[in-house]
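Participant: Okay, handing you the structure first.
Bear in mind that the values in this text are calculations on the coordinates, not laboratory data. In this text the structure is predicted, and so the values were computed from the model without any measurement. Don't worry about glycine lacking a Cβ; one is built from the backbone with ideal geometry, like all the others, and counts go over all protein chains shown.
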Amino acid sequence: MSTVTLTHVYKVYDNADKKAAKDQTPAVSDFCMEIQDQEFIVFVGPSGCGKSTTLRMIAGLEEITDGEIWIDDTLVNDVAPKDRDIAMVFQNYALYPHMTVYDNMAFGLKLRKVADVKRDKNGKPVLDENGNEIPVMRKYTKAEIDEKVQRAAKILAIEEYLKRKPKALSGGQRQRVALGRTIVRNPKVFLLDEPLSNLDAKLRATMRSEIIKLHDQLGATFIYVTHDQVEAMTMGTRIVVMKDGFVQQIGAPQDLYDYPINTFVAGFIGTPQMNFFDGRITPDGTITFANNQTIKLSKEALANFDADKIGTGLDIIMGVRPGDLKVLETPNDMSVTARVEVIEALGNETIIYADLDKNAEVHLEKGPTSIVASAKLKKNPARKSEIILGIDEEAIHIFDRATERSIRK
Ligand SMILES: Nc1ncnc2c1ncn2[C@@H]1O[C@H](COP(=O)(O)OP(=O)(O)O)[C@@H](O)[C@H]1O
Ligand SMILES: [Mg+2]
């Protein structure tokens, strides 16, 4: 059993200028979360949003400014890192270059002590005058260390490299040794801070699935930090999306994808990125946006949204994922027309870059009327031709423009 609970956790870094520290924006603000036993949690967000800081606070490598962190039933705010039963893998893991793979993995164990009872030469517990066993801390034996290293090596498929030095390994093999060093310790919680970001794309994909397998095998709780939303979506049982030190949304990958709570999460999760348009919605479900095109939601679709928020009309940001657009033959209530700018035929699907304003100048950057659709097409439209794009009304996202929050009920 190993749960991790954070309640109202804050981190303000003390900089040299102590006076300014009080007014400093926290690196992490009001982080609240209960992580269940054996979950695979991913912290994701742009660089500088507070992911590593949160992870380091859980590890005990960074002091907590305010709030509480619990591991199982223990408040660990003041527990030393080595006593937290957690292990951390960093982006810039450093293996000892002069040691073999075996020794790199064994090294940490040689330094650690294990709780045991006093024993005689034959390994039988020695009793005190009251007949009780006598607790002692002792070093791991050679045999115990060997058993742990061999087991980790087997899990990671690096048994044949145990005698090699790190320089004779590929990047992926070295990364596995770094993981191996944490596995031998058999921790309750694994903390991984962008462990794959130094690897090339192909290896990253392989290691991604290896880490998922590792999680299944070890049955431990994993907390994994990445700035890559694809990694987050494919690895996490739940994802925590962060921005500027604040948790934006916590949820299963599909829930974040289907029901993003605000424009930030909506834009961060999913590729190609969601299309956003400034617009206005009226109580009958009519949405006017980009170059005065209009669509009208059916009663059923309109019922997904908060009528009180819409009121007599609301300025909104409308969001549509590229995959929720279809190329139609004839227009309907939910369709718009667009001029095709660029076509990327990927074989299995086509990405269409188009503009909702057929008189718009060609934008090199995304303009306010540009739209991206991804579709399976039998025949790709010609550049500069006009197409009809139908929007899946069940998959439309509507955000209050003032707050950027979803108005979905
Ligand atoms: N040791 C430090 N001292 C002062 N500020 C720091 C320190 N470490 C991180 N920060 C700041 O805290 C914020 C969060 O950083 P970090 O947790 O490393 O973000 P992430 O891992 O999401 O990229 C950033 O603004 C960063 O500059
Ligand atoms: Mg970081």
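Participant: Among DSSP beta bridges whose residues both lie in region 119-253, state the antiparallel percentage, nearest 5.
Facilitator: If I count the DSSP bridges inside region 119-253, around 60 percent turn out antiparallel.
Participant: Still on this structure, please answer the following. Amide H of residue 76: which non-local residues (sequence gap of 5 or more, or other chain) have their own amide H closer than 5 Å, using H built in the peptide plane?
Facilitator: Sorted by chain and number, the residues that satisfy this are 69, 70, 71.
Participant: Given the -39500 (n - 2.57) contribution per DSSP H run of 4+ residues, what per-residue ellipticity at 222 nm results for the chain, rounded to the nearest 500 deg cm²/dmol?
Facilitator: The per-residue figure over the chain is -6500 deg cm²/dmol.
Participant: Where does each of 90, 399 land when they are ranked from fewest to most other beta-carbon atoms within 10 angstrom?
Facilitator: 90, 399
Participant: Moving on to the next point. Compute the distance from the alpha-carbon center of region 182-261 to that of region 69-145, in whole Å.
Facilitator: Distance between centres, Cα-based: 27 Å.
Participant: For the chain, what's the radius of gyration and Dmax over Cα atoms, in angstrom?
Facilitator: So, for the chain, Rg and Dmax equal 27.1, 96 Å respectively.
Participant: Helix 142-156 against the longest principal axis of the chain: what's the angle in degrees, Cα atoms only, rounded to the nearest 10?
Facilitator: On a 0 to 90 degree scale, this one is about 20.
Participant: Roughly speaking, what is the stretch gain from residue 376 to residue 205, that is 0.36 nm per residue apart minus the C-alpha to C-alpha distance, in nm to one decimal?
Facilitator: Between residue 376 and residue 205, full extension yields 59.1 nm more.
Participant: Using a 10 angstrom cutoff on alpha carbons, build the Gaussian network for the chain and name the most mobile of 104, 130, 77.
Facilitator: 130
Participant: On a full-extension model of 0.36 nm per residue, what is the gain between residue 358 and residue 282, subtracting their alpha-carbon distance, rounded to one decimal in nm?
Facilitator: Taking 0.36 nm per residue and subtracting the Cα distance, the gain is 24.8 nm.
Participant: What translational D, rounded to a whole number of µm²/s, comes out for region 73-183 from Stokes-Einstein when the hydrodynamic radius is the Kirkwood one over Cα pairs, at 20 °C and 1.002 mPa s?
Facilitator: 132 µm²/s
Participant: Tell me, what ³J(HN,Hα) does each residue in region 25-42 have, in order and in whole Hz, if you take phi through Karplus 6.51 cos²θ - 1.76 cosθ + 1.60 with θ = phi - 60° and put x for Gly and Pro?
Facilitator: Calculated HN-Hα couplings, in order: 5, x, 6, 9, 10, 6, 7, 10, 6, 10, 9, 7, 4, 6, 6, 10, 9, 10 Hz.
Participant: Relative to the longest principal Cα axis of the chain, at what angle does helix 101-111 sit, 0 to 90 degrees, rounded to 10?
Facilitator: 60 degrees
Participant: Read phi for every residue in region 181-198 and hand back ³J(HN,Hα) as whole Hz from Karplus 6.51 cos²θ - 1.76 cosθ + 1.60, θ = phi - 60°, with x for Gly and Pro.
Facilitator: Listing the rounded values in order: 4, 7, 5, 4, 7, 6, x, 7, 10, 9, 10, 10, 9, 6, x, 10, 6, 8 Hz.
Participant: I need the fraction of alpha carbon pairs in region 229-318 separated by more than 17 Å, rounded to a whole percent.
Facilitator: Beyond 17 Å sits 58 percent of the P(r) for region 229-318.
Participant: Distances over 14 Å make up what percent of all Cα-Cα pairs in region 36-86?
Facilitator: Cα-Cα pairs in region 36-86 separated by more than 14 Å: 56 percent.
Participant: So, with +1 on the Cβ of K and R and -1 on the Cβ of D and E, and no other charges, what is the size of the charge dipole of the chain about its Cα centre, to the nearest 20 debye?
Facilitator: The dipole of the chain has a size of about 1940 debye.
Participant: Now a separate question. Taking only Cα atoms and a 10 Å spring cutoff, compute GNM fluctuations for the chain and point out the largest among 362, 225, 320.
Facilitator: Of 362, 225, 320, the Gaussian network model singles out 362 as fluctuating most.
Participant: Report, in whole Å, the centroid distance computed from the Cα atoms of region 364-409 and region 321-360.
Facilitator: 8 Å
Participant: Right, something else. Would you mind ranking 212, 239, 398, 145 by Cβ crowding within 10 Å, fewest neighbours first?
Facilitator: 212, 145, 398, 239
Participant: Could you list 140, 96 in order of exposure, starting from the residue whose Cβ has the fewest other Cβ atoms within 10 Å?
Facilitator: Exposure proxy ranking, most exposed first: 96, 140.
Participant: Next question, about the same structure. With the cut-off at 18 Å, report for region 288-409 the share of all Cα pairs above it, as a whole percent.
Facilitator: Tail of the P(r) past 18 Å holds 54 percent of the pairs.
Participant: From the phi angles alone, apply the Karplus equation (6.51, -1.76, 1.60; θ = phi - 60°) to region 288-294 and give each ³J(HN,Hα) in whole Hz, x where the residue is Gly or Pro.
Facilitator: 10, 7, 4, 6, 6, 6, 10
Participant: If N is the number of residues in region 170-279, what value comes out of its Cα radius of gyration divided by 2.2 N^0.38 Å?
Facilitator: This ratio for region 170-279 stands at 1.19.
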